[in-house]
Structure formats: C-alpha cells, structure tokens
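To keep things clear, I will list the structure first and then write my remarks on it.
The values are calculated or read from the model by the stated rules, or taken from the named source; none is laboratory data. Every value quoted in this text rests on a predicted model; they were computed, and no experiment measured them. Cβ atoms come from the backbone with ideal geometry, glycine included; neighbour counts cover every protein chain shown.
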Amino acid sequence: MVVRSMDIAAAEGPERLREIMAELLDRSTAVVKRYGGTLNQFTGDGIMAVFGAPITLEDHAFRACMAALDIQKEVGSTLELRIGLNSGQVIAGEIGSSTASYTTIGEQVGMAQRMESVAPPGGVMLSESTARLVEDTVELGEPEMAHIKGSDDPVLTYRLLAIGAHKRRRRSEPKLVGREWEFNTLTGILGETISGAGCVVNIVGPPGIGKSRLVRETADIAVGRGVSVFGTYCESHASDIPFHVLARLLRAAMGIDEHEDDAARALAHVQFPDASPEDLLLLDDLLGIRDSNVPPPEIAPDARRRRLTAMINSASLARQEPSVYVIEDAHWIDEASESMLADFLSVIPHIPALVLITYRPEYRGALSRVADAPTVALRPLSDAHSSLLTSQLLGDDPSLDELAAQVADRAAGNPSSSRRWCAI
C-alpha cells in the first residue's frame, strides 16, 4: 500500500494521482506475474496478490518474498510502500454471479492486511506463519511483537530484509532413521571417490522423503574427511533463466561468491591458465561478473556452449583434490544448465569427484540418464521407522503414544510430514 496516498492526492491532484496509481498497478502486476502470482484486487492505493492459488506453488511464500522485495526496489524508488505477507488457508474462487471475479477471502487475508498496516514505510512485514516457511532462504529481522486491529494480544512479526543464501539451518535434527543402507552406500562411494574413482549418483524420491537430509549427512562425512563440498540448487521460478544453476555451482566451486566483480574475475581467471582471452570473456559473462565496459564476444550460442564446456572440462580434469558436487531439485533445472552439466558429468569417472543429484520421480531429463550412474531411490519409512522418528520428535512419554500413532499414520512414511505434524 502507498504511504500517505491522501497527501499525494492533495499535492498532485486527482489526475496525477490516477497516473501514479496506474503506474504502480502496471509495475507491481508485472513483478507479481514474474514470480507466478495472481493479482487479486486493486484497492485504489495498493494491490493484493496471491501466490499458490489458483495455481498451486509449493514455494509460494518464498516467491511472495521475492516479489515483495522487487516491488519495493522497482516501485519504492518513487513511492513509499508498505507490504505485508501472511500464509494460510483461504477460500479462493469466483465471487458473485453477475460480475464474477476470482478472489480470496478468509481470516488469513485479513492477517496479511494487518501485516501491511504494521510494516514500516519502505518495508516488508511477515507474519509468523510466513516466516516459518521461508526462514531458511531469506534474511529476517529480529522478532517483533505488534499490536494489530482485531486482536487483544500482540502478535509475532518479522521484517523481511533480503533474500539470503539457500541454506538449511541446522536445528536439532532427529537421528537419521530408516536410511542405513542408502547412507552406507553413499559413504562407500565417497570412499572410492577419495581413492580416485569418480561417480555420479542419482537420489530420487517424492517431496519430503529425505533426499536433502541424506545429502547433508553425506556432505558432513565428506567434510570430516577433508573433502571440499560445492552445491547448487534448482528453483521452480528460475527454470526459464539460462545457466542459472550452472553459474551458481561454478561460482561456489571457484570460491568467488563473496568477492566484488573485479576480484572475482581475477580469482576465476587464475583457475584457467590455458584459456584464451576471448574464452575468459565468455566465462565472465556466464558467471555474471563481466566488466560492463567490455562487450561479450559475438559467438553463436552453440559455439559458446562448446567452448565453455571444453574449458570447464579441461580445468576439471586437471584437478587432483577430491571434491563433492551437489545438484538439488534437478526437476526444476533450466535447459541450458542441464545441457552443459550433462557434458561436464562425462568427465567425472576420470577425476576424484562425487556428484550427488536429487530429483523427483517424474524427472526424465539428461541428468537422470548419465551412463553408469547408480540410483538411490528413497521409499517411505516403514511403520517401525516412522514410529521411531515420531518418538524422537515428540518424546517417549507413554502419554504421547496415541498422538505418536496418529502422526505416524497421517505422515504415511514421509519424514517431512512427520516433522510438520509434530510441529502443529
């Protein structure tokens, strides 16, 4: 919502106000659509947007956060805005028979409006429910208690500061259960990698089944043995951005993420001593660190990909230190990254590297068809393992036995579902 919109109307006049609000609507709508949201309504001095309806988006809260920050960046430079975000169940659909329009109603819609009302000018305020969904992928301010309309008690809020690195915070995770064979298999392959036999391993399973947890446990073992671990991840909202996933993995492997562009270029170039100046320009462009004063070479896309692939593979073959590379959620990978990574994976058997690729069963892309790559398929936990996990989450007090049985039944062997039910 625009801050002090009535003051703007008094100062600028109704016609100018209409122009300002029309521009706000156009630019905000473009950002909302960019992240897969739906414009719900225009309120005269603001908008309401929905993420996750009518199209289901499992990362709806994260997309809303990115959209909110982009709106502040693109529109907030000329207007002071307050934005509030809330997550929960709503009733969505067409309201009315003669002038039917898609909208959402319910208590959670009102809470989003309350979050907007307590947001500072130029800020984005999150409810506790939204903060829980995105706390691993964004930077949040300290929790604040806010008094909102319609509530006698203050509610917990968090200010959204920035989109952070995709890191899963280490909470007190329960002991890994029901994955002994899979974990032993991966640690065994890791041992062979350290001895010089590279390998690509596919880790497949539905959402919440434990793919990322298994990767984290394996990565911890690798780090404990002195092996470097580099990771990248794929996002549904970025699947149409060329080289998005590949560039992130290369930046991590080259150690340039924390450097300014000039320093990053110098650090990247020294790792490719045999590359030509033109190839280094192609690399800079791929990594997003190109000097803006130097135009990229005019090369056909296929030729660009071949030259970059040859350069990266050559540098990889020269690497002697064991490494682990992680590519998470490959079912969302962009086509350009998928193609180049498939070429890169062809050299893995010849170097001391282990590549762990996670994806859902429906993925049938190039990374799922790497020659001689073993597949670790994760199944739902058995009843015994589900009960053991639930006991760890809830405690082993006999009074909780009935609740634990209900949680295990509803989770249906899905570890993530067990954690969610226990957190309710």
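Across the stretch 374-402, the number of residues qualifying as touching a residue at least 40 places away in the same chain (Cβ under 8 Å), outside any helix (DSSP H, G or I) and either out of contact with any helix residue (DSSP H, G or I) (no Cβ under 7 Å at 6 or more places or on another chain) or farther than 23 Å from Pro207 by Cβ (or both) comes to 6. Does any residue of the stretch 209-220 turn out to be in contact (Cβ under 8 Å) with a residue 60 or more places away in the chain and in a loop (DSSP other than H, G, I, E, B)? Yes; the residues of the stretch 209-220 include at least one that is in contact (Cβ under 8 Å) with a residue 60 or more places away in the chain and in a loop (DSSP other than H, G, I, E, B). If you go through the stretch 327-362 and keep only what is closer than 28 Å to Gly413 by Cβ, of a type outside the set (S, T, N, Q) and buried (at least 18 other Cβ atoms within 10 Å of the Cβ), you end up with Ile327, Glu328, Asp329, Ala330, His331, Trp332, Ile333, Leu354, Val355, Leu356, Ile357, Tyr359. Whenever a residue of the stretch 172-187 is closer than 15 Å to Asp220 by Cα, its partners that are part of a helix (DSSP H, G or I) and hydroxyl-bearing (Ser, Thr, Tyr), lying with C-beta atoms within less than 9 angstrom and at least six residues away or across chains, give the pairs Phe183/Thr218; Leu186/Thr218; Thr187/Thr218.
Taking the stretch 311-340 as the range and being under 14 Å from Ser239 (Cβ atoms), among the hydrophobic types (A, V, I, L, M, F, W, C) and part of a helix (DSSP H, G or I) as the test, the residues that pass are Ala330, Trp332, Ala336. If you check Ser239 against the conditions, is it touching a residue at least 12 places away in the same chain (Cβ under 8 Å) and closer than 22 Å to Thr193 by Cα? So Ser239 fails the test.
When Ala266 is tested against (1) in contact with a helix residue (DSSP H, G or I) (Cβ under 9 Å, 6 or more places away or on another chain); (2) outside any loop (DSSP other than H, G, I, E, B), exactly one condition is not met: (1).
Can you report the number of residues in the stretch 388-424 which are small (Gly, Ala, Ser) and buried (at least 17 other Cβ atoms within 10 Å of the Cβ)?
7
Restricted to the stretch 281-295, and to residues there that are touching a residue at least 40 places away in the same chain (Cβ under 8 Å) and surrounded by 19 or more Cβ atoms within 10 Å (Cβ to Cβ), the residue that is farthest from Arg251 (Cα to Cα) is Leu286. In contact with a strand residue (DSSP E or B) (Cβ under 9 Å, 6 or more places away or on another chain), surrounded by 14 or more Cβ atoms within 10 Å (Cβ to Cβ), modelled with pLDDT of 70 or more and farther than 21 Å from Asp59 by Cα, is that true of Ala112? Answer is no for this residue. Listed conditions (1) in contact with a Lys or Arg (Cβ under 8 Å, 6 or more places away or on another chain); (2) in a loop (DSSP other than H, G, I, E, B) are all met by Ala371, apart from (1).
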